[in-house]
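What follows is a structure written as structure tokens; I'll ask about it next.
Derivation of every value follows stated rules applied to the coordinates shown; laboratory data play no part. Computed from a predicted model, the values in this text were never measured in an experiment. Note that each Cβ is placed from the backbone with ideal geometry, even for glycine, and that neighbours are counted across all protein chains shown.
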Ligand code: NAP
């Protein structure tokens with residue numbers, strides 16, 4: 001049986017430490033989440049962020065905009081928050097309606113307030129090994145691996161899934177920590193050949209039980225990023241019951257990577273405040 005890497009426990013421990021640092025700040029830290037339209041899962045994610053931010057004493061604004069908003073109007077709203085001294089962090093909640101150019105909108109955010117780490121400026125800094133404001137999910141994965149003292153230097157790591165939010169930035173963060181990384185995707189041939197030879201496997205595909213026990217070696221370390229909802233139940237990308245028997249460490253779903261992502265957003269917002277105001 002593997003050691004469970006408990007993201008919920010680590011999040012609570014880290015939130016308590018962060019709370020000590022932020023409570024005396026005046027004005028309080030300000031975070032705005034901009035959403036467009038009525039996506040139901042977005043509402044759940046925004047509510048989760050609101051609860052944690054408010055508990056930390058952050059000023060939390062949810063700017064909920066109508067589905068048919070024009071791109072220019074949305075960018076001018078972002079610009080107002082860029083100029084506001086009371087706002088330290090801005091995120092644009094995905095998904096956006098199809099008529100909006102996500103890249104342009106994302107890059108309208110002041111890089112010093114870009115707490116999702118998705119502007120070209122912050123992506124470029126990450127490539128250079130200057131980790132200023134970096135995407136929250138990969139940052140949470142690195143913190144979780146560090147907490148459980150998983151050696152990254154020299155480790156053979158396979159990351160499955162190359163999204164701009166998770167797989168790509170994680171592969172750079174791991175490379176910056178001297179791991180040897182294979183980044184896999186839907187066109188990769190013979191995935192098992194990679195996973196069988198890996199010390200650490202991170203799966204961010206979004207398919208229930210994608211990674212099975214026959215694909216991993218004994219003693220490997222498994223990080224499951226996937227979230228698939230079926231009949232109100234949440235599943236990860238890993239066949240937990242089977243892989244758990246072979247792995248040395250594994251993250252559960254839920255209570256693994258998910259809670260860490262929310263924590264990292266709060267930490268990034270604190271970091272953004274310090275970077276901008278000192
Ligand atoms: P995404 O944009 O949904 O893309 C999925 C990735 O998986 C793509 O790179 C795709 O390859 C790859 N893929 C699809 N089928 C594959 C296959 N058969 N073999 C190998 N690779 C395959 O990715 P995402 O946004 O990173 O999300 C992935 C999962 O993580 C989702 O379930 C999402 O809900 C979850 N997630 C969780 C958190 C959290 O906080 N826990 C945060 C973010 C995402 P191509 O690039 O070739 O299409």
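Starting from the Cα gyration tensor of region 29-116, take the square roots of the eigenvalues, sort them a ≥ b ≥ c, and report rounded, prolate or oblate (rounded when a/c is under 1.5, otherwise prolate if a/b is larger than b/c, else oblate).
Note, shape of region 29-116 comes out oblate.
Give me the number: length gained by fully extending residue 20 to residue 76, i.e. 0.36 nm times residue separation minus the C-alpha to C-alpha distance, one decimal in nm.
Between residue 20 and residue 76, full extension yields an extra 16.7 nm.
Divide by every residue of the chain the summed helix terms, -39500 (n - 2.57) for each DSSP H run of at least 4, and state the resulting mean residue ellipticity at 222 nm, rounded to the nearest 500 deg cm²/dmol.
So the calculated ellipticity at 222 nm is -12000 deg cm²/dmol.
A further question on this structure: Spin-label point model (7 Å from Cα, Cβ direction): what's the residue 101 to residue 8 distance in nm?
Between residue 101 and residue 8, the simple spin-label model gives 4.3 nm.
Let me ask another. Rounded to the nearest whole Å³, what is the per residue volume of the convex hull around the Cα atoms of region 198-278?
Here the figure is 113 Å³ per residue.
I need the calculated FRET efficiency for the pair residue 175 and residue 68, taking r as the beta carbon distance and R₀ as 51 Å, to the nearest 0.05.
Plugging the Cβ-Cβ distance into 1/(1 + (r/R0)^6) gives 0.75.
Working from Cα positions, state the angle (0 to 90°, nearest 10) between the long axis of helix 7-22 and the longest principal axis of the chain.
Relative to the chain, helix 7-22 is tipped by roughly 30 degrees.
Using only the Cα atoms of region 149-202, build the gyration tensor, take square roots of its eigenvalues as a ≥ b ≥ c, and label the shape rounded, prolate or oblate: rounded if a/c is under 1.5, else prolate if a/b is larger than b/c, else oblate.
Note, shape of region 149-202 comes out oblate.
Taking 0.36 nm per intervening residue step and subtracting the Cα-Cα distance, what contour gain separates residue 120 from residue 197 on full extension?
24.4 nm
Turning to a different aspect of this structure: Would you mind classifying the chain by shape? Square roots of the alpha carbon gyration tensor eigenvalues, ordered a ≥ b ≥ c; an a/c under 1.5 is rounded, otherwise it is prolate if a/b is larger than b/c and oblate if not.
Prolate.
Separate question: Give the calculated FRET efficiency between residue 55 and residue 232 to the nearest 0.05, with a Förster radius of 30 Å applied to their Cβ-Cβ distance.
0.70
At residue 147 and residue 94, where each label point lies 7 Å from the Cα along Cα→Cβ, what is the point-to-point distance in nanometres?
The modelled label-to-label distance comes out at 2.4 nm.
Oh, and also: Gaussian network model of the chain, Cα springs within a sub-10 Å range: biggest mean-square fluctuation belongs to which of 231, 218, 116?
231
Looking at the chain as a GNM with Cα springs under 10 Å, which of 164, 230, 87 has the largest mean-square fluctuation?
230
Springs between alpha-carbon pairs under 10 angstrom, Gaussian network model over the chain: which of 248, 186, 198 fluctuates most?
The residue that fluctuates most here is 186.
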